[in-house]
Amino acid sequence: VVAAAASGLCLVVAFWLTEIPEPRRGEQIATLQSLSGDVWFMKNSRASGKAASGQPFVAGEALRVGSEGAAQLVFANGSSMSLSADSFLWFVAAEDVAGTRVHLDCGAADIETASQVRAKPLVITTEQARLTAPGTRFRLYAGDRDSRVELEEGNAQFERQCDGRRVELAAGQFAVANAEPAEPLVAETLPTAWRLRQTLYRAGTRLAFSHDGSTLAIAHGNRVKLWDVATGEPQRQVKSDTGGFHNLAFVPADDAVLAVGESGEVLYWPLRMDAPVFSKIEPPSGEWRRCDVSADGQWFARTSDLDSGHLPIWRVDDGGALVFVRSIPMKMSAVAIAATPLGPHVMASNLNGTTVVWNGATGGETARYRLRSQLHVIAMSADGRYWAGYGAATGLLVNDMVSGAQHTLWPSESAGVNRLRFSLDGRELLAAMADGLVRGWSTEGGEATFVLSTGDTRISDLAVSDDGRNLATVGDKCTVKLWKREGDGHATP
């Protein structure tokens, strides 16, 4: 009873501490420097229309970033902030004796504060925390249950709203604050493991490493191009006259590249030949929705927009012949497939949150999960043991189908997940994040293995080599970056 009362009091205190005061007109706090996607200006808690570059903000106003948007702000005191998708920021007060104050209601922000006089720092609050950071660079995530700060440069003071407990952060550390006074508030080391090797500008949107890690295949619209990983130089390319490609894989021994397009185009390119083999698959009716290709390029599955549901599975034989295996009846969106030692295993998420795993060879159901929401992004490990998924209400989950253990790795209220990949041995899960970061976790215990700041505002795709030592990311304007892992190339939970 005492603990429950303390928790309730904590929430009440947090509410009053973060309540937005009456606006003080005329005191400009920040200017919207640039934006992309849907970004809305709000005034007096009401939407006032689309925001525009150069727009000033005063106390009492707010900025909301849509699910595909981003916004860059410059503050009057010289600080800067980049808001990622699904973020909401209140402008609380202009600079006064307490400093410049803003409130991140939800979402994620990259912030670089000016070297201000310590008496008037930039103060950022969330529902659970208060951050005072003069002359620093950091990331801040705000969710319904907790807030997280990751410090890249300088020093900062992170305070929990409910009990006033504080922790001092230095560069390379992070802390998480929630609304529970009994939980510790500590600074921990932020793991990192990658260094940038090559940057390929406007290179493409989808990626796959050859199994020996020496070649990277990149799809850009209706073209597939091969690049040398060591030098970053282009090698060869092929082009389709029908449509773009959204899934790539190298077949065993790197004899060929398989590419599948969103409209049903299939490209099979034996690397000993200049010309690829083209095929096309058609849905019984309607349109294709999502597709996934196994890591060995020998299987792929698709979902369609049919109300009755339709999940066809194909095998890719030598020479690129497509063999239809079976169709599983279920209305689904996201799909993942793995070529396990026991045959293909297929995972798909229903629109109502039901997620099912099948044995693709027999069509038999092997597992069924009832989740709080649909999983928009899913993946399976190569051996079929682990699956991972990200949903609007579930956050990022990883599930061990052998032990039954499940871990929540990342909350849904802050930065979204655009793509998931497992390492070949299944020990590590990698996520391409909507805020420009790549994160890794141990699949066994759920511990973070690394956090990589790519310098892009969002990451839409990633690929990791079989030995775990090479990583490729797709960021802003189709920029592909190649990264080399320091150490032994394996996850270190």
One finds the C-alpha centres of the range 132-204 and the range 315-375 to be spaced, in Å, by 38
Along the range 105-113, Karplus-curve 3J(HN,Hα) (6.51, -1.76, 1.60; θ = phi - 60°) to the nearest Hz, with x for Gly and Pro, reads 6, 6, x, 9, 9, 9, 10, 10, 8
A correct Karplus calculation of ³J(HN,Hα) over the range 164-172, with 6.51 cos²θ - 1.76 cosθ + 1.60, θ = phi - 60°, whole Hz and x for Gly and Pro, returns x, 5, 10, 9, 8, 10, 10, 4, x
CD proxy, 222 nm, the chain: helix-only mean residue ellipticity via -39,500 (n - 2.57) per DSSP H run with n ≥ 4, per residue, nearest 500, stands at -1000 deg cm²/dmol
Placing +1 on each Lys and Arg Cβ and -1 on each Asp and Glu Cβ in the chain, then taking the dipole about the Cα centre, the residue among Val176, Tyr201, Ala70 whose Cα reaches farthest towards the positive end is Ala70
Over the chain, with neighbouring protein chains present, the accessible area per residue in Å² at probe 1.4 Å is 41
Computed about the Cα centre, the charge dipole of the chain from +1 Lys/Arg and -1 Asp/Glu charges at the Cβ has a magnitude in debye, to the nearest 20, of 660
Any residue on another chain or 5+ positions along whose placed amide H is under 5 Å from the amide H of Ala256 is listed here as Val251, Leu271
Between the Cα axis of helix 2-18 and the main Cα principal axis of the chain, the angle (0 to 90°, nearest 10) is 80
So the carbon and sulfur contribution to the accessible area of the chain, 1.4 Å probe, in percent, is 48
Both in Å, the radius of gyration and Dmax of the C-alpha trace of the range 364-465 are 13.0, 44
As straight-line cross-link partners of Lys225, the qualifying lysines (C-alpha separation under 24 Å, not fewer than 8 residues apart within one chain) are Lys239, Lys280, Lys477, Lys481, Lys484
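The values are calculated or read from the model by the stated rules, or taken from the named source; none is laboratory data. Predicted, not measured: the structure shown is a model, and the values here were computed from it. Note: ideal-geometry Cβ built from the backbone for every residue, glycine included; neighbour counts use all protein chains shown. Ligands, DNA and RNA are stripped out before the accessible areas are found, and what is left, the full protein with its side chains, is counted by its heavy atoms. Shrake-Rupley method; radii C 1.70, N 1.55, O 1.52, S 1.80 Å.
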